[in-house]
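S.K.: Next up is a structure, given as structure tokens.
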Amino acid sequence: MAYINLSKIIFPLMILAILSAKSITMVVGARNLLESNIPEVPKLDFPPIPKPELPKIPELPKPELPKVHELPKPELPKVPELPKPELPKFNVPEWPKPEFPKVPELPKLPELPKFPELPKLELPKVPELPKLELPKVPELPKPYIPKVPELPKPELPKFNVPELPKPELPKFPEIPNGVPTTTP
């Protein structure tokens, strides 16, 4: 039987909910920062910092490796070839072949009587039936469907609803030029 563990469904949904909530709070926080009045900080002119000069490191001479004397190749002593040992010949007496008792022959079964051959059955030829032609069905005329007259649309009574005045929205402060206007 197949079943689905409940935690396999809920856990990914919880992760998606947490990630989407985090991105919404970041967008709201960025919007609040953009819309708030930030006082302008005066620019301070600092003198340029001189670049420090790095001391030059003298190059070290390459160390010379001492020459290693080549050792002569050791010569292996030649091993004399040993003659192949010859196996001694043993006189093994030949064993006589065992003689098995003869099995008596089984008596022959009597021959089955021959049955007379049955004549082949010939099926009578079936006469071919002529092809039947289907009678032509006369085409029926299409039925005439009368058009349904359109009913007049009922008119709803008009009610006098007073119009409410449009609310005036407060003006937002202008954003200074130095602040970017795009949202993340």
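The values are calculated or read from the model by the stated rules, or taken from the named source; none is laboratory data. Fair warning: this is a prediction, and the values are worked out from it, not measured in the lab. For neighbour counting, all protein chains shown are included, and Cβ atoms are generated from backbone atoms with ideal geometry for every residue, glycine included.
S.K.: Scan the range 88-109 and give yes if some residue there is assigned to a loop (DSSP other than H, G, I, E, B), within 30 Å of E174 (Cα to Cα) and not hydrophobic (A, V, I, L, M, F, W, C), otherwise no.
M.R.: Checked against the condition, which is being assigned to a loop (DSSP other than H, G, I, E, B), within 30 Å of E174 (Cα to Cα) and not hydrophobic (A, V, I, L, M, F, W, C), the range 88-109 yields no hits at all.
S.K.: So, one more: Would you pick out the residues in the range 138-163 that are among the aliphatic types (A, V, I, L, M) and at pLDDT 80 or above?
M.R.: If the condition is that a residue be among the aliphatic types (A, V, I, L, M) and at pLDDT 80 or above, then L140, I145, V148, L151 are the ones that fit.
S.K.: Taking the range 10-43 as the region of interest, how many residues are part of a loop (DSSP other than H, G, I, E, B) and either surrounded by 10 or more Cβ atoms within 10 Å (Cβ to Cβ) or in contact with a Gly (Cβ under 9 Å, 6 or more places away or on another chain) (or both)?
M.R.: 2
S.K.: Here's a follow-up. Of all residues in the range 1-54, count the ones that are acidic (D, E) and within 25 Å of the chain's Cα centre (by Cα).
M.R.: 0
S.K.: Same structure, new question: Exactly one of (1) surrounded by 10 or more Cβ atoms within 10 Å (Cβ to Cβ); (2) over 30 Å from P173 (Cα atoms) is unmet by K136. Its number?
M.R.: K136 satisfies all of (1) surrounded by 10 or more Cβ atoms within 10 Å (Cβ to Cβ); (2) over 30 Å from P173 (Cα atoms) except (1).
S.K.: I'd like to know if the range 72-83 contains one or more residues that are without any contact (Cβ under 8 Å) to a residue 60 or more places away in the chain, of a type in the set (D, E) and assigned to a loop (DSSP other than H, G, I, E, B).
M.R.: yes
S.K.: Still on this model: Within the range 110-124, identify whether any single residue is modelled with pLDDT under 80 and among the aromatic types (F, W, Y), and answer yes or no.
M.R.: yes
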